[in-house]
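Right, one structure below, let's go through it.
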Amino acid sequence: LSSKLPRVGTTIFTVMSKLATDLNALNLSQGFPNFPTDPALLDLVTKAMRAGHNQYAPMPGVPLLREAIARKTIDCYGVSYHPDTEVTVTTGATEGLYAAITTVVQPLDEVVVFEPAYDSYVPAIELAGGVPVYVTLTPANNYAIDWAVVREKITDRTRLVIINTPHNPTGRVWTRDDLDTLAGLIRDRDIFVVSDEVYEHILFDGRTHHSLMTHPVLQERTFVIGSFGKTFHTTGWKIGYCLAPKELTAEFRKVHQFVTFSVSTPMQYALAEYLQQPERYQSLPSFYEQKRDLFLAAIAPSRFTFIPTEGTFFQNVSYASITDEPDYDLAIRLTHEIGVASIPTSVFYEPNAARPKNDYKMLRFCFAKDDDTLLQAAERLCKL
Ligand code: PMP
Ligand code: GLN
C-alpha cells in the first residue's frame, strides 16, 4: 500500500501518554485534565440517557445544543449564528477541523499554516491534496506574527489560512491588530479561514479572546472551531462545533455527514443544559491562571527559562541552559529518569526544515493537573 501520509507516524500525544502510563510517570504531556469533571454535568448525561436520548442525533447536532451554542456565542462575542443553518456539532474539534479543511481545500491549493502548529492541520491539508505553506513563529519575539512574511506567502494559489488563538503550543493570543491585518491581506482574494478557538475561555492576565467572528470581513469567510473538551474538562467526550455562515455551513455539512454523520446524543443534551449557566465557562481563566502561576512559581528556581503563557493550559519552557540534546530525546529521557512526561515542541514544526537552533530547545508542559501533581513535577524538574 502506498502511504497517503508518508511523513506521519503515531501522534506524539499517544506516544508520550503511553510512555507516561507504562512508566507510571507524572503526565504533563498530552493536554487533558487529571481532575474530575463536574458531577452536575455527569448527572445530566445520566438524565439524558434515562430520558431515552440514546439513538442517532440529527446530523447537524441536537437542536437544543445548537441553540445553546448560538446563545453563548452572542453572549461572549455579540455575533449571531443561526442554530439551524450555521451551527454544526462535531466529534470534537478534530473532526470539525478535518471537515472544514477538506470542505475548502482542492488538490494543489495552498494553505498558510503558522508553525509551530497543532498536529492535525497538515495531515488534513495533505489528504485533501493541498500544499501547506509554513509561516514560522519564533520564540525570539515571543511568537509574534511577522506580517511581511505572511504577505509574501500569500499567492494566487492560496485558498485557506489556518489560525489558532489562543495558540497550542506557545500560548500566543492574537490581537485585534492581527485580525485587522489578516483581513486587509485577504479581503480582495478568494481565501477562506479556519480558526481553531478551542482555548477561547483560557486566557490570562486579563487578556481578551479576539474571535475571528468579531471581525466582519473575516466572519463571512471563516469556519470557527470550538470544543467542549477544553472548556468543561471532558476531553474524552469528543464534542466540538463549527460556526460558519450559511453557504459555508451547507458545504461543511456535506463533508461532516460522511465523516461521522452525527455525534453522541446524550452528551449533547447534557451540554445543552449545562451551558445555561455562563459562570461555568466564565470561571475558567482564573481557575487556570492559578494553576499556571503555581507551576511557574514552582519551576522558577530551575534552570528552565520561560515567558508566562498568555493562554491555553500549556507552558513552553526552554532547556537551552541545561542540555544540548534534541527535544524528543530529552522528553523521553525525562519520562524515564525523573518520571515527568512532556511534549517535545519540534513535532509542531515542518519536518526536515532548517530551523534556528533554539526553536527546538523547548518542551511543552500541560498544567491542567491537580496542584499536587504540578508541585511534584516541578520539584523533580528543579533537580536538573
Ligand atoms: N485544536 C487544538 C489547538 C488542540 O489543542 C486540540 C486538542 N487538545 C484540538 C484542536 C482537538 O480538540 P478535540 O479534543 O475537541 O478534538
Ligand atoms: N490537543 C491535545 C494536546 O495538544 C491532544 C489531543 C490529542 O491527543 N489528539 O495535547
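Label-point separation (nm) for residue 11 and residue 214, each offset 7 Å from Cα along Cα-to-Cβ?
Using points 7 Å along Cα→Cβ, the separation is 2.8 nm.
Need one number: convex hull volume per residue for the chain, Cα atoms only, in Å³.
About 144 Å³ per residue, rounded to a whole number.
Each label point is 7 Å from the Cα along the Cα-to-Cβ direction; what then is the distance between the points at residue 21 and residue 352, in nm?
Those two pseudo-labels are separated by 3.3 nm.
Tell me, what is the percent relative contact order of segment 228-384, built from C-alpha pairs under 8 Å that lie six or more residues apart?
Relative contact order comes out at 23 percent.
Could you list which residues have their amide H under 5 Å from that of residue 136, counting only those 5 or more apart in sequence or on another chain, with H placed in the peptide plane?
Distant-sequence amide H within range of residue 136: 115.
Can you give me the distance in nm between label points at residue 294 and residue 74, each placed 7 Å from the Cα along the Cα-to-Cβ direction?
The two pseudo-label positions are separated by 3.8 nm.
Which value does Rg/Rh take for segment 221-365 over its C-alpha atoms, Rh per Kirkwood?
Reported Rg/Rh, Kirkwood definition of Rh: 1.06.
Which whole-number percent gives the relative contact order of the chain, counting Cα pairs below 8 Å spaced six or more residues apart?
Contact order relative to length: 25 percent.
Could you tell me what percent of the DSSP beta bridges with both partners in segment 101-260 are antiparallel, to the nearest 5?
15 percent
Expressed in nm to one decimal, what extension gain is obtained for the pair residue 55 and residue 175 from 0.36 nm per residue of sequence separation less their Cα-Cα distance?
Full extension of this stretch gives 38.9 nm more.
Mind pulling the per residue volume of the convex hull built on the Cα atoms of segment 226-284? Å³ is fine.
Spread over its residues, the Cα hull of segment 226-284 gives 95 Å³ apiece.
So which lysines pass the test for residue 383, namely a Cα distance under 24 Å, with those fewer than 8 places away in the same chain ruled out?
Within the straight-line cut-off, residue 383 pairs with 291, 361, 369.
When the chain is treated as a GNM, springs tying every alpha-carbon pair under 10 Å, which of 157, 364, 221 comes out with the largest mean-square fluctuation?
So, out of 157, 364, 221, the one fluctuating most is 157.
Nearest 5 is fine: what % of DSSP beta bridges in the chain come out antiparallel, could you say?
Roughly 45 percent of the beta bridges in the chain run antiparallel, per DSSP.
Which cross-chain or sequence-distant (5 or more) residues have an amide H under 5 Å from the amide H of residue 26, H modelled 1.01 Å from N in plane?
Excluding prolines and chain starts, which carry no amide H, the hits are 340, 341.
Tell me, what ³J(HN,Hα) does each residue in segment 2-14 have, in order and in whole Hz, if you take phi through Karplus 6.51 cos²θ - 1.76 cosθ + 1.60 with θ = phi - 60° and put x for Gly and Pro?
8, 5, 7, 10, x, 8, 9, x, 7, 4, 4, 5, 5
Cross-link partners among lysines for residue 246, C-alpha distance below 16 Å, same-chain residues fewer than 8 apart left out?
Reachable lysines: 254.
How high is the relative contact order of segment 75-136, in percent, counting Cα pairs under 8 Å that sit 6 or more residues apart?
32 percent
Please work out how much length the chain gains when fully extended from residue 371 to residue 4, using 0.36 nm per residue of separation minus the C-alpha to C-alpha distance, in nm with one decimal.
127.9 nm
Got a sec? Charge dipole of the chain, +1 on Cβ for Lys and Arg, -1 for Asp and Glu; which of 154, 365, 114 is way out at the positive end?
Checked the options; the winner is 365.
Provide 18, 291, 383 in ascending order of the number of other Cβ atoms located within 10 Å of each residue's Cβ, fewest first.
Lowest count first: 383, 18, 291.
Every read-out reported here was derived from the displayed coordinates using simple, explicitly stated rules and does not represent laboratory data. As the structure is a computational prediction, the values presented were derived from the model and not from experiment. Cβ coordinates were reconstructed from backbone atoms using ideal geometry, including for glycine residues, and neighbour counts include every protein chain displayed.
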